[in-house]
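To start, the structure under review is shown below, and the notes come after it.
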Amino acid sequence: MTNTPPPQQFGSDNYSGICPQALEAITRASALGSAPAYGDDPWTRLAEDSIRALFGIDAAVFFVFNGTAANALALATLCPPYCSIIATDIAHAETSERGAPEFFTGGSKLMTPPCPEGKLTPAAIKLCCRKTQSFQASAPAVVTITQPTENGLLYTPEEIRALADVCQEHGLKLHMDGARFANAVAALGCTSAALTWQAGVDVLSFGGTKNGMAMGDAVVFFNRANARGFAERAKQGGQTASKMRFLSAPWLSLIKNGAWLDNARHANESARLFAQKITPIPGIKLAWPVEANSVFVLLPEHPANTLRAQGWRFYTMFGGVARFQFGWDAKPEAIEALVDAVESAMLR
Ligand SMILES: *Cc1c(COP(=O)(O)O)cnc(C)c1O
């Protein structure tokens, strides 16, 4: 058997290139020559304004290089070193940031209560608060939720509100890891405001990289008072870009022309298309419903190995679930090729 290499990989949405609008924004910003450094440039100011306009609130906005920094710096800004951060046990902050939240807070703990289905619940937050009533325990200061979750599920505005209410009762701040926030907005069809500050979210890590930028995520504090010390922490942590305009110009462009939502819609539709095409294959089961741009497949070991041997890349997560992840650039013919590969792998 001769293997032709896969036409496109669906290992992650950060395998994608830079979307044309983002690339063009960088080129245009560069063509204008020199500009003040460290964010004191027109693109950064306008990009911050466009994010404030998108959310309809006078937020404090910062651009950093990646999502790990956005999460860790936002959490450190809201959590003293002697307190803790509540997250699910599959949260990126818990499993995939090499302790960055603990490092940047300088001593806080992550508390990861059992969360069936990968979503945090009001009961789980209450449990953490009950368990840490002693003076000697690390009392929670912040709750972090991921939207969409690491297993591809969405919190509705009502679910977020219910979590925020418990946070308010216990004096906790609510952070949202929105590495794929655009996909959530596109999938739920509600406004960015409805999914965040109107539902009680205090700070958002707003992902740009997986949406189609080269790099760069934004941190959005919906109440400016909460942002105290963030800029200083970002600089100390090596996350203040000196040529900031090349991080911010793509944000300005993608929000202005709506490409951020078009990209997310395409990614979500691609995931749905793939899921629709593989579910009729005998033996194929999805681990979770497809709500955004990920598809989690309960793929038996043998076909999984066959696919890998053919060169297909995908993550195996949560003790044996195959994840296929679709980005702004997912091509229908490549999805078709993957469907065919899954089908024949299942027959062997
Ligand atoms: C990708 C991702 C991040 C950010 O990761 P970086 O590699 O640091 O950019 C954060 N949270 C979630 C849920 C992610 O999927």
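The values are calculated or read from the model by the stated rules, or taken from the named source; none is laboratory data. From a predicted model like this one, the values you see are computed outputs, not experimental measurements. Please note: Cβ atoms are built from the backbone with ideal geometry, for glycine as well, and neighbour counts cover all protein chains shown. Protein only, heavy atoms only, side chains kept; ligands, DNA and RNA dropped before computing areas. Shrake-Rupley method; radii C 1.70, N 1.55, O 1.52, S 1.80 Å.
Report whether or not L127 is assigned by TED's automatic domain parsing to the domain that holds T144 and in contact with a Lys or Arg (Cβ under 6 Å, 6 or more places away or on another chain). Criteria not met by L127. Filtered by the rule that a residue be within 16 Å of the ligand (Cβ to nearest atom), of a type outside the set (A, V, I, L, M) and in contact with a strand residue (DSSP E or B) (Cβ under 7 Å, 6 or more places away or on another chain), segment 211-238 gives G216, D217.
Quick grid of which residues meet (1) crowded, with 21+ Cβ neighbours inside 10 Å; (2) touching a strand residue (DSSP E or B) at 6+ places or on another chain (Cβ under 8 Å); (3) assigned by TED's automatic domain parsing to the domain that holds G118; (4) outside any helix (DSSP H, G or I):
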residue: W251; (1), (2), (3), (4): yes, yes, yes, no
residue: L254; (1), (2), (3), (4): yes, no, yes, no
residue: F274; (1), (2), (3), (4): yes, yes, no, no
residue: P289; (1), (2), (3), (4): no, no, no, yes
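For segment 126-136, state whether one or more residues are out of contact with any Cys (no Cβ under 6 Å at 6 or more places or on another chain), among the charged types (D, E, K, R) and within 16 Å of the ligand (Cβ to nearest atom).
At the first step, the residues of segment 126-136 found to be out of contact with any Cys (no Cβ under 6 Å at 6 or more places or on another chain) are 126-136.
With the extra rule that they be among the charged types (D, E, K, R), the set shrinks to 126, 130-131.
Of the ones still in play, those that are also within 16 Å of the ligand (Cβ to nearest atom) are none.
No: zero hits.
Here's the yes/no breakdown for (1) surrounded by fewer than 22 Cβ atoms within 10 Å (Cβ to Cβ); (2) within 29 Å of N66 (Cα to Cα); (3) not assigned by TED's automatic domain parsing to the domain that holds G189:
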| position | (1), (2), (3) |
| --- | --- |
| S242 | yes, yes, no |
| N293 | no, yes, yes |
| P303 | no, no, yes |
| A309 | yes, no, yes |
| G320 | yes, yes, yes |
| F324 | no, yes, yes |
| P332 | yes, yes, yes |
| A337 | yes, no, yes |
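For F104, the criteria (1) touching a residue at least 60 places away in the same chain (Cβ under 8 Å); (2) under 16 Å from D177 (Cβ atoms); (3) open to solvent by 80 Å² or more (accessible area, probe 1.4 Å) hold in every case but one, which is (3).
When segment 67-87 is filtered for residues that are more than 9 Å from the ligand (Cβ to nearest atom), open to solvent by 10 Å² or more (accessible area, probe 1.4 Å) and either touching a residue at least 60 places away in the same chain (Cβ under 8 Å) or among the basic types (K, R) (or both), the ones remaining, listed by number, are T77, L78, P80. Condition check: open to solvent by less than 30 Å² (accessible area, probe 1.4 Å), out of contact with any Gly (no Cβ under 6 Å at 6 or more places or on another chain), in a loop (DSSP other than H, G, I, E, B) and within 16 Å of the ligand (Cβ to nearest atom). Does V201 satisfy that? It is true that V201 is open to solvent by less than 30 Å² (accessible area, probe 1.4 Å), out of contact with any Gly (no Cβ under 6 Å at 6 or more places or on another chain), in a loop (DSSP other than H, G, I, E, B) and within 16 Å of the ligand (Cβ to nearest atom).
Quick one: how many residues across segment 1-42 are among the aromatic types (F, W, Y) and within 16 Å of the ligand (Cβ to nearest atom)?
Going through segment 1-42, the residues among the aromatic types (F, W, Y) turn out to be 10, 15, 38.
This time we only want the ones that are within 16 Å of the ligand (Cβ to nearest atom), so: 10, 15.
Of the residues in that region, 2 qualify.
Scoring A231 on the criteria (1) more than 30 Å from K331 (Cα to Cα); (2) of a type in the set (G, A, S); (3) in the same structural domain as A322 (by TED's automatic domain parsing) leaves a single failure, condition (3). Checking the stated criteria, A141 turns out not to satisfy the condition of being of a type in the set (A, V, I, L, M, F, W, C) and open to solvent by 20 Å² or more (accessible area, probe 1.4 Å).
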